[in-house]
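The values are calculated or read from the model by the stated rules, or taken from the named source; none is laboratory data. Because the structure is a prediction, the values reported are computed rather than measured. Heads up, the Cβs are rebuilt from the backbone with ideal geometry, glycines too, and the neighbour counts pull from every protein chain shown.
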Amino acid sequence: MMAINRYRLKALSKNNKSAKRTEKLLNDIDHLIGTILLGNNFVNIFASSIATVLAIKLWGEGSVVLASITLTFVILIFAETTPKTFAAKNPEKIALPAAIIIETLIKLFKPFVWLIAKISKIILRLLGVKDDKQDNNLSSEELKMIVGDAKPIIASNYQKMLLNIIDLEKVKVEDIMIPRHELISVDINKPDEIVKQLGRIQHTRLLTYDNSSDNITGILHMRDVVNLYAKGNFSISNVLELIREPYFVPEGTSLAHQLEHFQQQQRRLGLIVDEYGEVRGLVVLEDILEEIVGQFTSNQNESIEEITQQKDGSYLVDPRISIRELNTMLKINLSVTKAKTLNGLILEELQSIPKRDISLKINNILIEIMQISEQTIKLVKLTKLD
């Protein structure tokens, strides 16, 4: 009963009456265990009494010890170890038929079992043991272990996707966002600048603002602009009419919730704002999907520029790279609890703006600052230490 797979039992109970009966018994674990132990102890004690009486009548009082040793050996082999090991290895084969017998015994001895359970609970309460209901809900870590153990059933690539989906609740939007300083935007009050940006932009969307870059007014989709060109209706006034209202995402939102929000709002990107309403970055639907299935877009050049391996085994790294991406690519384990980028992690450790030729060690990673420009770290060198 205890060894049976609860999830397989739940699946079997849809079409199997014995499985449904077994599931019902397991939901009332107090009466189940009480009845089994009542029967088990009654049979063992009764057998011991019979063996003792027979031994005294046949061989005298001196044979009681011998009878006890012999009976203990018999019970351990034929009533405990062998049948219970067999049942543990074949739980469905034993539990489903036995459920009918146990259910009948529970009904017969229910008053007695109820009394025993009540007395036990009173004693446990006096000892300070609380009568809390067992929580059968799986934690994310337990669920990951189940997925990990299902390797023979689930292909490794799908298994990895499932594990990534489970982790979506732990990852926040700011962990994968495009930082504010990397976003391309244009002032709607400067027509000439708009035309220049449209001519050189390499992205599919362009942010717009009114006078101040902190005052984001919307998002311009390049596909809409191309349609204007195709129809011969291109003008600054028509372009400004294409600006879509921005969609804001609170900082701290998990990727699991944001994926659901994107689906409900039918959007593909959102501007991440902090508690003061200031824009911190941009989160894109494709980046959330990449957290599940891995990188599938064609921006491999960006990764190559961010991390370059040297002949000595070290890496030249752009410190603006996110720590999560760095951990994935180099298979390291830098903390992401406070800082989100490598630059932020270095500043967090040093508590000041560093100078060139400064080195620091975090976990088993040696970080050397190679280039600094305008009080900003431009290039670092990472070396894995054994």
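For segment 225-233, does any single residue satisfy the condition of being in a loop (DSSP other than H, G, I, E, B) and touching a helix residue (DSSP H, G or I) at 6+ places or on another chain (Cβ under 9 Å)? Reasoning before the result, please.
First pass over segment 225-233, keeping only residues in a loop (DSSP other than H, G, I, E, B): 232-233.
When the remaining residues are screened for being touching a helix residue (DSSP H, G or I) at 6+ places or on another chain (Cβ under 9 Å), the result is 233.
Yes, the conditions are met somewhere in segment 225-233.
If Asp274 satisfies all but one of (1) surrounded by fewer than 17 Cβ atoms within 10 Å (Cβ to Cβ); (2) of a type in the set (D, E, K, R); (3) closer than 29 Å to Leu162 by Cα, what's the number of the condition it fails?
Here Asp274 clears every test but (3).
Go through (1) closer than 22 Å to Gly294 by Cβ; (2) within 26 Å of the chain's Cα centre (by Cα); (3) among the charged types (D, E, K, R) one by one and return the number of the condition Lys338 breaks.
With respect to (1) closer than 22 Å to Gly294 by Cβ; (2) within 26 Å of the chain's Cα centre (by Cα); (3) among the charged types (D, E, K, R), Lys338 is out only on (1).
Identify, by number, the condition in (1) without any contact (Cβ under 8 Å) to a residue 12 or more places away in the chain; (2) among the aromatic types (Phe, Trp, Tyr); (3) within 23 Å of Ile4 (Cβ to Cβ) that Phe73 doesn't meet.
(3)
Given the criterion in the same structural domain as Glu275 (by TED's automatic domain parsing), farther than 30 Å from Thr337 by Cα and not aromatic (Phe, Trp, Tyr), identify the matching residue among Ser213, Ser237.
That would be Ser237, the only listed residue that is in the same structural domain as Glu275 (by TED's automatic domain parsing), farther than 30 Å from Thr337 by Cα and not aromatic (Phe, Trp, Tyr).
Looking only at residues that are more than 35 Å from the chain's Cα centre (by Cα) and part of a loop (DSSP other than H, G, I, E, B) in segment 171-201, which one is surrounded by the most Cβ atoms within 10 Å (Cβ to Cβ)?
Ile188
On the basis of being in a loop (DSSP other than H, G, I, E, B), charged (D, E, K, R) and outside the structural domain of Leu207 (by TED's automatic domain parsing), does Lys151 make the cut?
Details: in a loop (DSSP other than H, G, I, E, B): yes; charged (D, E, K, R): yes; outside the structural domain of Leu207 (by TED's automatic domain parsing): yes.
Judged against the criteria, Lys151 is a match.
Can you name the number of the only condition in (1) crowded, with 16+ Cβ neighbours inside 10 Å; (2) of a type outside the set (Val, Ile, Thr); (3) in contact with a helix residue (DSSP H, G or I) (Cβ under 6 Å, 6 or more places away or on another chain); (4) not in a strand (DSSP E or B) that Gly281 fails?
Among (1) crowded, with 16+ Cβ neighbours inside 10 Å; (2) of a type outside the set (Val, Ile, Thr); (3) in contact with a helix residue (DSSP H, G or I) (Cβ under 6 Å, 6 or more places away or on another chain); (4) not in a strand (DSSP E or B), the lone unmet condition for Gly281 is (4).
Looking at the structure I just gave you, is Ser237 in contact with a Ser or Thr (Cβ under 8 Å, 6 or more places away or on another chain), surrounded by fewer than 17 Cβ atoms within 10 Å (Cβ to Cβ) and at pLDDT below 90? Working first, answer last.
Numbers: in contact with a Ser or Thr (Cβ under 8 Å, 6 or more places away or on another chain): no; surrounded by fewer than 17 Cβ atoms within 10 Å (Cβ to Cβ): yes; at pLDDT below 90: yes.
Answer is no for this residue.
State yes or no: is Ala67 within 43 Å of the chain's Cα centre (by Cα) and surrounded by 12 or more Cβ atoms within 10 Å (Cβ to Cβ)?
Details: within 43 Å of the chain's Cα centre (by Cα): no; surrounded by 12 or more Cβ atoms within 10 Å (Cβ to Cβ): yes.
In short, no.
Could you tell me how many of the residues in segment 3-31 are within 27 Å of the chain's Cα centre (by Cα) and either crowded, with 17+ Cβ neighbours inside 10 Å or assigned to a loop (DSSP other than H, G, I, E, B) (or both)?
4
Considering only residues that are among the polar types (S, T, N, Q) and touching a residue at least 12 places away in the same chain (Cβ under 8 Å), look in segment 205-234 and name the one that is surrounded by the most Cβ atoms within 10 Å (Cβ to Cβ).
The initial filter retains those residues of segment 205-234 that are among the polar types (S, T, N, Q), namely 208, 211-213, 215, 217, 227, 233.
Still in the list and also touching a residue at least 12 places away in the same chain (Cβ under 8 Å): 208, 211, 213, 217.
On the way: Thr208: 23, Asn211: 11, Ser213: 14, Thr217: 17.
Across segment 205-234, the extreme among qualifying residues is Thr208.
If you take the residues of segment 319-335 that are crowded, with 18+ Cβ neighbours inside 10 Å and in contact (Cβ under 8 Å) with a residue 60 or more places away in the chain, which of them is farthest from Ile377 (Cα to Cα)?
Ser322
Kindly evaluate Leu76 against the criterion of being closer than 30 Å to Val273 by Cα and at pLDDT 85 or above. Working first, answer last.
Values: closer than 30 Å to Val273 by Cα: no; at pLDDT 85 or above: yes.
For Leu76, the condition - closer than 30 Å to Val273 by Cα and at pLDDT 85 or above - is not met.
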